[in-house]
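Encoded as structure tokens, the structure appears first; notes follow it.
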Amino acid sequence: MSLINLDNISIAFGHVTLLDKIALRIHKNERICLIGRNGEGKSTLIKILNKEISPDQGKIEYQSGCTLARLAQEPEFQDNDTVFQAVSKSLGAVGTLLEEYHELMQRMDHHLMAEMEKLQQRLEAADAWTLEQQVNTVLSKLNLPPEQLLGDMSGGWRRRVALAQVLVTEPDVLLLDEPTNHLDIEAINWLEEMLLDFKGCLLFVSHDRRFMQRIATRIIELDRGTLTSYPSDYATYLSQKAANLATEATHAAKFDKHLAQEEVWIRQGIKARRTRNEGRVRSLKKLREERAQRREKIGKIRLNIDKSTLSGRIVIEANKISKDYQNTSIIRDFSTVIMRGDRIGLIGPNGAGKTTLLKLLLDELTPDSGTVKHGTKLNISYFDQLRAQLNPEETVVDTVAQGRDTITINGQEKHIMSYLRDFLFAPERARSPVKSLSGGERNRLLLARLFTQPANMLVLDEPTNDLDVESLELLEDFLSQYPGTLLLVSHDRNFLDNVVTSTFVFEGKGQVTEYVGGYQDWIRQRSILSTTPKKETFSPSRPSKDNTRKLNYNEQRELAQLPEKLEILENEVVQLQALMSTPEFYQGERDQINQTLARLKTLEAQLQGAYKRWEALEAM
């Protein structure tokens, strides 16, 4: 028997139908990913499952004793609660007892001993010590400080607390709405491992393609009110979806051709109308109704930035810049030269200093030491992850148009409503206040405003949060063809791989290192660097005298030739890395890119083997 059965579920808000007579069966041990565009009703469906709202019609059945827990998109907390208190509250009455116990422990004195003993007895009777250990384990895994006040934590850390709340209850069905939003890459990797080990059923909403591919065993897609199930991983879903769309287009074309023929027949004149078949007329009316009810796919976002003049060849030059906060080194002796056309990703944990580095490079912050120089003719557009540039009381149209009816993009005037339609804002939505928008809609609005400004350098601080997959892929395609310079902060691993040509990686204690390529390239290079000895510091260990022997002729010759071989390998590695650091490299043919990456991997393996052989021969 399934854990949850949904039958004929419908719900509408005003004139918009979000769910139209959908059916769904949720079984034990499934990991279901719910996907769909922003505003399709994914969060509404999760709230219906969690009994927070009731559908307009339909029936929901739960297996007896089935427990559920939901992670909300925007969790709410009491700012004066500690992390431990906030997480304990999800345990109900036992959590309240644990809160009381911790409060007493904080202000413990001999006057409270009797009260403490009574409380301990109640905790033992409720097996609360086991649950306390459960809370502490989850907090430890999420790296959350138990006594930290929620009011002093950033949005990303508060989201971790919300995640801890649902994990600690160990429900039969875990409902996660965008669990990776505001988590850094390390936390996302941990979350993946935790969810793979989760013993219950999981239903989650996500736009992180790598996360979906690794976690989901079934994909369910909400599209224009209907729900379609694909019992597969994400990659298989994509191929099945493409086939379904092709079949749908074929059927629609045949239907439209038949309808057009019937419309011609009904208009043929008096003679035809006198002898017409009334059954055929009724059939035509039915065809018209069916055509009117067809769910047309919503248009795609069209991205087009107002192009600026080219910047100088050197865009930004930083020389040994450093920045400390409260005696903690955030950036230490970082140097780089950013060239026109570079697309650079910034990778690091939340709070590592990625936004600080952006502001230093943009001259919005002054470094404690070192210098930053800007090149000529530089026009910068900055996307703020906190969306601080948006006034919640303004309407969508005023936010972009600033009182104008038209805007100018690349020398051509465009009506503001037409421009906003390119970003999927219908006229009625365009007149809504910003405060009524969802997170994904606010991101689209900020992009719409950003792209009206002439720019030859884009600085995007976490632009992918809350964007649906289709919007992500369109933004990827746009940025990969953008002729200017790009600085990008993102925790979306696929997005980084598909867009950037190099990365600045925060490796702790203020150290920022530059790597060629995207996220996967950084992982590969980090692995090689951790295992490959550096030539300039090479010092082979000497075995005891008893284990040494004279090299034979071939070994002596091999040892003599190794320095030249190492130099050739190192030079070719440097040349390939230089080639891959250019923006043109990732715009070439995919096969050529893959061949170059494979060649670099082979050379690095040969280089590592040559070093090991040198060490072995020297040791003899």
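The values are calculated or read from the model by the stated rules, or taken from the named source; none is laboratory data. In this text, all values refer to a predicted model and were calculated from it rather than measured experimentally. Here Cβ is always computed from backbone atoms with ideal geometry, including for glycine, and neighbour counts include all displayed protein chains. Note: accessible area is taken over every heavy atom of the protein model, side chains too, but ligands, DNA and RNA are not part of it. Shrake-Rupley method; radii C 1.70, N 1.55, O 1.52, S 1.80 Å.
Give the residue that is surrounded by the most Cβ atoms within 10 Å (Cβ to Cβ), with candidates limited to residues of region 31-60 that are among the charged types (D, E, K, R) and touching a Leu at 6+ places or on another chain (Cβ under 7 Å). Within region 31-60, the match that is surrounded by the most Cβ atoms within 10 Å (Cβ to Cβ) is Lys42.
Among the candidates Gly58, Gly39, which residue alone is more than 26 Å from the chain's Cα centre (by Cα), under 27 Å from Ala12 (Cα atoms) and small (Gly, Ala, Ser)? Going through Gly58, Gly39 in turn, the sole match is Gly58. What do you reckon, is Arg442 without any contact (Cβ under 8 Å) to a residue 60 or more places away in the chain and surrounded by fewer than 22 Cβ atoms within 10 Å (Cβ to Cβ)? So Arg442 passes the test.
To keep it simple, each residue is scored yes or no on (1) part of a helix (DSSP H, G or I); (2) hydroxyl-bearing (Ser, Thr, Tyr); (3) within 23 Å of Thr356 (Cβ to Cβ).
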{"residue": "Leu458", "(1), (2), (3)": "no, no, yes"}
{"residue": "Asp466", "(1), (2), (3)": "no, no, no"}
{"residue": "Leu474", "(1), (2), (3)": "yes, no, no"}
{"residue": "Pro483", "(1), (2), (3)": "no, no, no"}
{"residue": "Leu488", "(1), (2), (3)": "no, no, yes"}
{"residue": "Phe495", "(1), (2), (3)": "yes, no, yes"}
{"residue": "Asn498", "(1), (2), (3)": "yes, no, no"}
{"residue": "Val505", "(1), (2), (3)": "no, no, yes"}
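Scoring Glu147 on the criteria (1) surrounded by 15 or more Cβ atoms within 10 Å (Cβ to Cβ); (2) part of a loop (DSSP other than H, G, I, E, B) leaves a single failure, condition (1).
Those residues that are open to solvent by less than 60 Å² (accessible area, probe 1.4 Å) and either touching a Lys or Arg at 6+ places or on another chain (Cβ under 6 Å) or more than 25 Å from Asp208 (Cβ to Cβ) (or both), I need them from region 4-22; list them, please. Once the filter is applied, which keeps residues that are open to solvent by less than 60 Å² (accessible area, probe 1.4 Å) and either touching a Lys or Arg at 6+ places or on another chain (Cβ under 6 Å) or more than 25 Å from Asp208 (Cβ to Cβ) (or both), region 4-22 yields Asn5, Leu6, Ile9, Ser10, Ile11, Ala12, Asp20.
For region 420-478, the set of residues classified as aromatic (Phe, Trp, Tyr) and within 19 Å of the chain's Cα centre (by Cα) consists of Phe478 only.
Val87 meets all of the listed conditions (1) part of a loop (DSSP other than H, G, I, E, B); (2) surrounded by 14 or more Cβ atoms within 10 Å (Cβ to Cβ); (3) in contact with a Leu (Cβ under 7 Å, 6 or more places away or on another chain); (4) not aromatic (Phe, Trp, Tyr) but one, namely (1). Of all residues in region 515-548 being assigned to a loop (DSSP other than H, G, I, E, B) and exposed (fewer than 10 other Cβ atoms within 10 Å of the Cβ), which is modelled with the highest pLDDT? Only one residue fits best here, namely Lys534. Per this entry, Arg210 is counted among residues that are of a type in the set (Lys, Arg) and out of contact with any Leu (no Cβ under 6 Å at 6 or more places or on another chain).
Among the residues of region 498-529, those identified as in contact with a helix residue (DSSP H, G or I) (Cβ under 7 Å, 6 or more places away or on another chain) and free of Cβ contacts under 8 Å to residues at least 24 places away in the same chain are Asn498, Tyr515.
Taken together, the residues in region 172-184 that are open to solvent by 10 Å² or more (accessible area, probe 1.4 Å) and either at pLDDT 85 or above or touching a helix residue (DSSP H, G or I) at 6+ places or on another chain (Cβ under 6 Å) (or both) amount to 3. Only one of the numbered conditions (1) hydrophobic (A, V, I, L, M, F, W, C); (2) at pLDDT below 90; (3) buried (at least 20 other Cβ atoms within 10 Å of the Cβ) is not met by Val512, and that is (2).
Filtering Ala187, Ala162 for residues that are open to solvent by less than 50 Å² (accessible area, probe 1.4 Å), part of a helix (DSSP H, G or I), touching a strand residue (DSSP E or B) at 6+ places or on another chain (Cβ under 7 Å) and not acidic (Asp, Glu) leaves a single hit, Ala162.
Is it the case that some residue within region 322-343 is among the acidic types (Asp, Glu) and buried (at least 18 other Cβ atoms within 10 Å of the Cβ)? Yes, region 322-343 contains at least one residue that is among the acidic types (Asp, Glu) and buried (at least 18 other Cβ atoms within 10 Å of the Cβ).
Within region 560-580, can you find the residues that are farther than 19 Å from Gly517 by Cα and open to solvent by 40 Å² or more (accessible area, probe 1.4 Å)? Give the steps one after another, and end with the answer.
Taking region 560-580 and keeping what is farther than 19 Å from Gly517 by Cα, we get 560-569.
Ala560, Gln561, Pro563, Glu564, Lys565, Glu567, Ile568 - these are the residues of region 560-580 that are farther than 19 Å from Gly517 by Cα and open to solvent by 40 Å² or more (accessible area, probe 1.4 Å).
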